[in-house]
Every structure is written in C-alpha cells, then in structure tokens.
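This report refers to the structure that appears directly beneath it.
The values are calculated or read from the model by the stated rules, or taken from the named source; none is laboratory data. The structure presented is a predicted model; accordingly, all values stated were derived computationally and were not measured. When we count neighbours, we look across all protein chains shown, and the Cβ atoms used for this are built from the backbone with ideal geometry, even at glycine. When the accessible area is computed, the model is the full protein with side chains, heavy atoms only, and any ligands, DNA or RNA have been set aside. Shrake-Rupley method; radii C 1.70, N 1.55, O 1.52, S 1.80 Å.
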Amino acid sequence: NKTNTNLETNLIQTLLESRDGTLWVGIGQAGPGLGLQRLSDGRWTAMRLPGFDSSTLVVTALRRDHEGALWIGTFDQGIYRLYDDKVEHFDNAAGLSGNSVLSFTEDREGSLWVITSQGVDRFSDTRVVSYSTAEGLCSTEVDTVVPSRQGGVWIGGDQALSHLKDGRVSCMRAHRELPGTQVTSLLEDHAGRLWIGLDSTLWVYADGTLRKVRRADGSDTGMVTGITEDSAHTVWVATGGTRRKLMRIEGLEVREEYDDALPRRVAADPTGGLWVGLLNGNLAHYANGKLETYAFPH
C-alpha cells in the first residue's frame, strides 16, 4: 500500500522530543488541537508565527537538524522549516520531488534527506538533490530511509531495498535477495545491523545474511509499522493489522508482547522508555511495564 494514499487521519503520525524536554507531536489531521502540537509541562499548544499556524497542517514527519532547525513534513504542502522564529516553505514548485512528505533523516555530513511520495531529496548547504528511478533507485515507491554507519543511506519501498552511497545505488530486489515484496520499516542499530520490516515479517541483515525474527511460538511478527532501539540497546517494534502489538526483541526472538498499547509509531525516549503513537490517536509513554497515556484535548 502506498503511504501517501492511505494516511490515517486524526492519528499520531510522528513524534520528536527536543533537548529541553518538549515533545512535538505530528497528527494526520488539521484543526484546533490537531496538526502539529507541543507537549510541555503537561500542556498542549500549537506553534503560531506570522503567517503560520501549526494546527492547520496535516503532519506526516518531523526532524530536528544539527543546527537546531525543526523540519515539518506535511501530507500535501511539502516542507516547513522553523528556525529562530522564522518559517521557510519548500514544495514541488521550489524543486521538491513531491508535496507529500513521508520522513526525514540526516547523515554525518549534515545533509538532510527527505522521502516524498515521488522520490528522495537531499538538502545541504548548496542545493536540493533528488533521487528517483531516473537516478537509479530500485523502486518507484519510497516508504522508509535510514542512514548507514558505513556511509550512505538505506531506502526501502515496494519491490526493493536500495543502498545509496556516493551517488551510486545497489539493490536488493523482491523475491531475489529479499524474501518478500514490501519494505515497511527500517532501523540500523548500534552494532550496524539492519532491521527490515518486510511484508508481514521482520528480518535482521548483517554480514550479507538475512535472518528472520520470530515470536515465541515460531510465527511471524506481523507487519512492522515502526522500529526503534532504546537507550539500553533493546529493539522494540510496533506491528499492525490483526496482530497490532508492541514487541520487545532480544536476539532473533520476540521476548515480550504487549496487547493493550495498540501502537502505530514508536520512538525511543533518550531518558528511558518509549514514546508510542496509539491507533486511537493518543500519545503514550511506556516504561517499566507501565503505559501512561496523554489524550489530546479535542
């Protein structure tokens, strides 16, 4: 399924914690109490500047870059960049490959990589560089991207997993190197292993070998909608479909499953625990076996 055509509105799409403890929450619907909201000291607020109101956006992705600028990806308006109370806007007319933004990542050189519904763009101090099948990407659809510790980025989508480095692309294709079709989520962990959500399974790629992660009963995890690694280097995944769960993984096996959370997105909290975007649109923090929910006031 193409992400840009199946946006689940009124749900948390993305989470971002600032160094001062403020949590930014991107929601897939615009309106009062929606759009982009800040949670600080237990209060929800929108960001308002001249000509800009974050509650009017349908937010799909967030990123804080090395300079401290906040990048806001939207469903149909491209990108907004907030820095020193100033707002910049980038869309298709400004050279962005597409107005529907799926995610951001930043490499070691400080370049910001943007996934849109039409390709991959790179923001640097010089110019925006777009990558699509015309530049050698292995898939027409891009759903997830993560930086590689060995340089370059991994790019997952329908029918292929691409590795882009120094302008060159290598491919792992569906039913050849990949034992499936749709790459749904990616994570490169602290040891350099690549975790791949693929169709309704989860795999770990290391030293040229793919190994499957299984549940305690030997079955597959289900479709992975989010992967993160916490401060203790434990990997957590959120799964969707009929097996929507929060799972804790050790080695190649799911060690614990939590049914009550009904997660959709996960992000590690650097101070401990996890932030979880729930299916019902609320935000939760999970730590030490307890789930604390923050309901949106709307």
Query raised in the report: Two-decimal Rg/Rh of region 85-157 from alpha-carbon positions, Kirkwood Rh?
Result: 0.95
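In debye to the nearest 20, how big a dipole does region 1-140 give about its Cα centre with +1 on each Lys and Arg Cβ and -1 on each Asp and Glu Cβ? Write down the numbers at each step before the final one.
Working: 12 positive and 18 negative charges, 47 e Å.
So the magnitude is around 220 debye.
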Query raised in the report: Most mobile of Ala174, Ala61, Ala268 per a Gaussian network model of the chain (Cα springs, under 10 Å)?
Result: Ala174
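Hey, what's the chain come to in accessible area per residue, 1.4 Å probe, Å²? It would help to have the intermediate numbers written out before the result.
Details: 13770 Å² over 298 residues.
Accessible surface, normalised per residue, equals 46 Å².
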Report summary line: Among Ser40, Ser200, Ser132, the residue with the largest mean-square fluctuation in a Gaussian network model of the chain built from Cα contacts under 10 Å is Ser40
Report task. Please find, in a Gaussian network model of the chain (springs between Cα atoms separated by less than 10 Å), the residue of Val153, Val58, Val183 whose mean-square fluctuation is greatest. Result -> Val153
Query raised in the report: Taking +1 at the Cβ of each Lys and Arg and -1 at the Cβ of each Asp and Glu, which of Val87, Ser111, Trp195 sits farthest along the dipole of the chain towards its positive end, judged by Cα position relative to the Cα centre?
Result: Trp195
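Roughly how compact is region 1-109, stated as its Cα Rg over 2.2 N^0.38 Å to two decimals? Please list the in-between numbers first.
On the way: Rg = 13.3 Å, N = 109, 2.2 N^0.38 = 13.1 Å.
Relative to the 2.2 N^0.38 Å estimate, region 1-109 comes out at 1.02.
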Query raised in the report: If you roll a 1.4 Å probe over the chain with all protein chains in place, what percent of the accessible area is carbon or sulfur?
Result: 43
Query raised in the report: Farthest toward the dipole's positive end in region 154-298, which of Ala284, Leu210, Ile227, given Cβ charges of +1 (Lys, Arg) and -1 (Asp, Glu) about the Cα centre?
Result: Leu210
**Report entry** region 195-298: projected area of the alpha-carbon convex hull, averaged over directions, in nm²
**Finding:** 7.0
Query - Quarter of the Cα convex hull surface for region 145-188, i.e. its orientation-mean projected area (nm²) - result: 2.9
Query - Calculated FRET value between Tyr83 and Arg243, using beta carbons and R₀ = 41 Å, to 0.05 - result: 0.50
Query raised in the report: Hey, what D do you get for the chain in µm²/s if you plug the Kirkwood alpha-carbon radius into Stokes-Einstein at 10 °C and 1.306 mPa s?
Result: 82
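Take the eigenvalues of the Cα gyration tensor for region 247-298, scale each by 5, and report the square roots as semi-axes in whole Å, largest first. Could you put the intermediate results ahead of the total?
Values: eigenvalues 88, 31, 17 Å².
Semi-axis lengths for region 247-298 are 21, 12, 9 Å.
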**Report entry** Fraction of alpha-carbon pairs over 24 Å apart in region 86-210 - percent
**Finding:** 24
